[in-house]
Each structure stands twice: as C-alpha cells, then as structure tokens.
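Report on one structure; see the data block that follows.
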There are 2 protein chains.
Amino acid sequence: MGTVTKGPQQDRSRATRLRLLEAAIACLAEHGWSGSTVSLVATRAGVSRGAAQHHFPTREDLFTAAVEYVAEQRSAALREALDPVRGVVGPARTYLVVRELVGVYTGPLFRAALHLWVAAADEERLRAGVTDLEARVGRETHRMAVELLGADETRPGVRETVQGLLDMARGLGLANLLTDDSARRERVVDHWAGLLDDVLRG
Amino acid sequence: MGTVTKGPQQDRSRATRLRLLEAAIACLAEHGWSGSTVSLVATRAGVSRGAAQHHFPTREDLFTAAVEYVAEQRSAALREALDPVRGVVGPARTYLVVRELVGVYTGPLFRAALHLWVAAADEERLRAGVTDLEARVGRETHRMAVELLGADETRPGVRETVQGLLDMARGLGLANLLTDDSARRERVVDHWAGLLDDVLRG
C-alpha cells in the first residue's frame, strides 16, 4: 500500500512546494522582504502554515529556495530558446542568438528575477544567495552566447563584445518593465545583431 | 516682521519636504508600496504626521512627488556629468561620453529609480507617473548622447546605435546592483566606446 500511494503523495508534496515558491516570488514583488512572511506566503498559496513550515522551516529557507527556483527556470528557458538556433548558420544565426537572448531577458522570469535583485539589494539575508545564483546564470548565459555566436575569445576584445551584448539584453529587459517596448526593441536588436556580426567576423 | 521670518520659514518648509521625499524613496525600497504609508514615511523623516499631510495630503501625492524628485535629480546628474565633455574632441570624447553615461546609470540615483520602477510595475497608482517621467528622462539622455557623440541620426542605423548604447548603460547599472562590477564594467566601456566610435565615424 505504501508504495502504491507514495507516487501521488510525492506529487502532492511537490505541487505544494511549487505553489509556495511561486507565492513567495509574487509576495516579494508586492510586499517587499519586510512584508513577506511565511504565513502570508502560505495564505497566498492556499497552504496551511504547518504544511508551509514542513517544507520551509524558516523564511530564509523559503526565499533561498525561491531564488534557486527562479534561477533554474531561467537556465531552462535559456536552453530552450537557444537550442533551435544550432541548426542555423551565418548572419541569420547571429540575429537569432541576439533575438532569443534578449527574449529571455524581456520575459516574465526576468521580471521575477528583477524583483529578487531589488529586494536582495536592501536585504542582507537574501543577498549572498541571489548574488551566487545570478553569477551562475550569468556564466551559463555567457558560455552559451560565445558558443552559439562562434565567438573566438582568444581574440582581444571578443570577450568584452559578448559581455556588452548581454548587458544590452539586460538593459532592454529593464526598458520593458513598465511599458511594451517591443517595437523599439526589435529595431535595436536588428541593428545591433548586424554590428555584432561585423565585429565578430571582422 | 512677516517678511523677515518668511525666508527661514520657507527654508524649513523646503527642508521638511525634501526629508519626506528622501524618506519616501527609502521606505519604498525597504517596505514596497503596500508598506509605504504616509505615517511610516513621516516617522522615518522625523516629521509629524500632520506636517507630512500638510505637504502631501495623500500617499499618491507623496509618491508622485518622490518620483519627480528622483527624475529631476537624474537629469541634473546627467547634465553635470556630461557638460565637461564638451571641451574634448575625437575618440577621447566618445570614450568620455560612454563612461559618464554609464556612470549615471550605476550611481545611487539609478538605484533609487530602479526601486521606483519595480514598485510601479506592480502598482497601478504609481505606474503612469513613473512611466511618463522615465520617458522624459530617457528622451533627454538620448538627446544629450546624440549631441555629444556628434551622431548624425539622418544616417540609417545611427539612432538604433545610440539607443543600444543607452540600453547597455542601463544593463550595466543593473549588473552593479548586487556586487561591485566596476572592474568588468571598465573593460566593457573601454571596448564598446571604441566600437561605437568606429560605427559613428564609419
């Protein structure tokens, strides 16, 4: 009997955990760190306080897990967006890499990450975890960009070229926070993909 | 007598107003919109609730003024950083424009603006004011960048080149939020100023 019910129980437990993580991110966005208690997150997730504390004994445990969850989702989104580009060659590939990278930075996961960064900037207990995971996501993004752009980082300046591109993608994400910036963004992406292609080939 | 005391009274009133605006921004950063009441801001500023309500009858009045205050300070900082560049010519000028623009986006005023944007993204009552002022600061920054870079926007792609540069500056500001990113940033600025100079002259 134990083995028969184990699956569904684990599924329920996992689903509860996910609901708590998503509620934690939404709560942080709305109420900031000081207003984001385990009780409030549990209420929002429709989970009892006891069940929430079973999964996450402290507020730090809950938000550290929420930060990891966002980072994992961002990595997965990045791979999913960039993998199809492998089949394309030439300037069209450069354009697609830039477009998909910028796409990852302008989506809902970037918004969630942005809320975490801003909260972490003012809250010591969040900062270390957020900074480490951000560095990890950053390195992974850089590695994928270098590989897919066919950028030769042994040439002087190529590393900085790719880094500047990722900074631009991050800035485009920020510009999209309050208004739909997609029309302007498309023109910038289109133009800078061309510049980038010249620089990397030149 | 009235005219004799008027000056100091006005000074005091202005000083109180400024303290309230600065406390409002700090409060929003720490407690989010939902936790940022006029009472809390007044306490933080060391001002009575009555005096706070004399200056700002509603929470919307207070935060709209705080948003304007940050926008004005950002404009002033921008002019102050860029004006000395007028005396420089050639590639050195391009480098200085890029460095000073990025400097404005990585300073404490950008951090304050970032907190306002993130709060406004989730709070309807802040969004319109923040979006309008952000658009105004953005246009002013673009205009100054075009002028100081000597960029000819009638040439195809030049407008997008400058826009992409400002997006990159914004992204570099974000990268500096959690850690001191200055060493990496200097290399990116140095390299991209060279690329930009080639593109604008080429």
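Structure notes:
- Residue that is surrounded by the most Cβ atoms within 10 Å (Cβ to Cβ), among those in the stretch B:133-147 that are more than 14 Å from B:LEU165 (Cβ to Cβ) and within 10 Å of chain A (Cβ to nearest Cβ): B:GLU134
- Flag if A:HIS191 is facing chain B (nearest Cβ under 7 Å) and over 18 Å from B:GLY138 (Cα atoms): yes
- Qualifying residue in the stretch B:99-109 (condition: free of Cβ contacts under 8 Å to residues at least 12 places away in the same chain and part of a helix (DSSP H, G or I)): yes
- If you go through the stretch A:174-198 and keep only what is open to solvent by less than 40 Å² (accessible area, probe 1.4 Å) and in a loop (DSSP other than H, G, I, E, B), you end up with A:ASN176, A:LEU177, A:LEU178, A:ASP181.
- Unmet criterion (only one of (1) assigned to a helix (DSSP H, G or I); (2) in contact (Cβ under 8 Å) with a residue 24 or more places away in the chain; (3) more than 20 Å from the chain's Cα centre (by Cα)) for B:ALA145: (3)
- Taking (1) open to solvent by 10 Å² or more (accessible area, probe 1.4 Å); (2) within 14 Å of chain A (Cβ to nearest Cβ); (3) not charged (D, E, K, R) in turn, B:VAL130 satisfies each apart from (1).
- Residue that is farthest from the other protein chains (Cβ to nearest Cβ) [pool: residues in the stretch B:104-122 that are within 14 Å of B:GLN73 (Cα to Cα) and among the small types (Gly, Ala, Ser)]: B:GLY107
Quick grid of which residues meet (1) within 14 Å of chain A (Cβ to nearest Cβ); (2) under 28 Å from A:THR37 (Cα atoms):
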position	(1), (2)
B:THR16	no, no
B:LEU21	no, yes
B:ILE25	yes, yes
B:THR37	yes, yes
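- Any hit, the stretch A:63-81, residues being in the same structural domain as A:LEU196 (by TED's automatic domain parsing), under 24 Å from A:ARG187 (Cβ atoms), without any contact (Cβ under 8 Å) to a residue 24 or more places away in the chain and open to solvent by 10 Å² or more (accessible area, probe 1.4 Å): yes
- Every residue from the stretch A:148-173 that is among the β-branched types (Val, Ile, Thr) and either more than 7 Å from chain B (Cβ to nearest Cβ) or not in a helix (DSSP H, G or I) (or both): A:THR154, A:VAL158, A:VAL162
- Residue match in the stretch B:22-35 (condition: of a type in the set (A, V, I, L, M, F, W, C) and open to solvent by 80 Å² or more (accessible area, probe 1.4 Å)): no
- Candidates are the residues of the stretch B:158-173 that are surrounded by fewer than 22 Cβ atoms within 10 Å (Cβ to Cβ) and in contact (Cβ under 8 Å) with a residue 40 or more places away in the chain; the one that is nearest to the chain's Cα centre (by Cα) is B:LEU166.
- Within the stretch B:34-62, the residues that satisfy the criterion of being touching a Phe, Trp or Tyr at 6+ places or on another chain (Cβ under 8 Å) and hydrophobic (A, V, I, L, M, F, W, C) are B:VAL38, B:LEU62.
The values are calculated or read from the model by the stated rules, or taken from the named source; none is laboratory data. The structure presented is a predicted model; accordingly, all values stated were derived computationally and were not measured. With ideal geometry, Cβ positions are generated from the backbone for all residues, glycine too; neighbour counts draw on all protein chains shown. Heavy atoms of the whole protein, side chains included, go into the accessibility calculation; ligands, DNA and RNA do not. Shrake-Rupley method; radii C 1.70, N 1.55, O 1.52, S 1.80 Å.
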